[in-house]
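**Student:** So that we are looking at the same thing, I have put the structure below in structure tokens.
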Amino acid sequence: MLRYLKQLENKDLALNQAMIPLGSCTMKLNATSEMIPITWPEFANVHPFAPREQAVGYRLMIDELERWLCVITGFDAISMQPNSGAQGEYAGLLAIRKYHESRGEPQRDVCLIPSSAHGTNPASAQMASMKVVIVDCDKAGNVDLEDLKRKAAEAGERLSCLMITYPSTHGVYEENVREICAAIHAQGGQVYMDGANLTRRSAGASGGHRRRCLAHEPAQDLLHPAWRRRPWHGADRRQGASGALRCQPSGGRSRGASAGQWCSQRGALG
């Protein structure tokens, strides 16, 4: 039986055999040492609705992880509510919508999405009651900057945001990402960055240098937080919050153990 299972395993392409030439979500790998804590009863067997006084350790772990991820990314705040990439997108769009409403601009409902973006982006925008406008890419797979500027200008005061995947599903890190963000901000819009590649970028660069941006990126395969930059007063949970995405306060809490282990193993310089 073991030999048979091994034969089946060998028929699949795996990271211990070769590079996997797929989208950006595969550009990371959870080591066994990071997965082990999920198997510990102290993490695995805690009921998701356990009273707060019985889950003090969990709260400390999540709070510490939030601080670490904000330092790594350069963003100001983080929500652990999303439990998947699609929920991270939805959470980000709700925050953007609340931001515009807080500024007296509820008419901003146009979401620009490059053709190289993750396929879930248009669906998330539709769920957030936004109108999707697709932005073309050039022959090299980059966002067509001129097409972006033209469509942003056409949207005008209805422009809500741009959802950009970084790196894109073409495997491209947009060289003009600063100009792309500036074009959206010039029209009063926000930028949502769907990278799914935090593991590879965390040691060298943060996403926070692009002011007024919001991002979802899984901290490994298991955690799907959403970050935001200030000023986002209308999106603040104390001022007109959008409400919870999940019944649990921190999404799938046991998975924070894996992301926390990954951060702690690398330390401040990692």
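The values are calculated or read from the model by the stated rules, or taken from the named source; none is laboratory data. Keep in mind it's a predicted model, so treat the numbers as computed, not measured. Here Cβ is always computed from backbone atoms with ideal geometry, including for glycine, and neighbour counts include all displayed protein chains. Quick note on the areas: whole protein, heavy atoms, side chains included, nothing else; ligands and nucleic acids left out. Shrake-Rupley method; radii C 1.70, N 1.55, O 1.52, S 1.80 Å.
**Student:** Per-residue HN-Hα couplings for the stretch 82-94, Karplus 6.51 cos²θ - 1.76 cosθ + 1.60 at θ = phi - 60°, whole Hz, x for Gly and Pro?
**Tutor:** x, 10, 7, x, 5, 5, x, 4, 4, 4, x, 5, 5
**Student:** Sticking with this structure for a sec: If amide H atoms are built 1.01 Å from N in the plane of the peptide, which residues on other chains or at least 5 residues away come under 5 Å of the amide H of VAL135?
**Tutor:** ILE113, SER115
**Student:** Counting only protein heavy atoms, what percent of the accessible surface of the stretch 97-145 is carbon or sulfur at a 1.4 Å probe?
**Tutor:** With neighbouring chains kept in place, the figure for the stretch 97-145 is 49 percent.
**Student:** Can you bin the stretch 87-163 into rounded, prolate or oblate? Criterion: square roots of the alpha carbon gyration tensor eigenvalues sorted a ≥ b ≥ c, rounded for a/c under 1.5, prolate for a/b above b/c, oblate for the rest.
**Tutor:** It is oblate, given that a/c is not under 1.5 and a/b is not larger than b/c.
**Student:** A further question on this structure: Which far-off residues, 5 or more places away or on another chain, put their amide H under 5 Å from the one on PHE75, with H placed in the peptide plane?
**Tutor:** It is GLY208, by chain and number.
**Student:** If you don't mind, there's one more thing I want to ask. Whole angstrom only: what separates the Cα centroid of the stretch 138-186 from the Cα centroid of the stretch 75-130?
**Tutor:** Each part's Cα centre sits 16 Å from the other's.
**Student:** Along the charge dipole of the stretch 83-171, which of HIS170, PRO114, GLY85 sits closest to the positive end, that is, farthest toward it, with unit charges on the beta carbon of Lys, Arg, Asp and Glu (+1, +1, -1, -1)?
**Tutor:** GLY85
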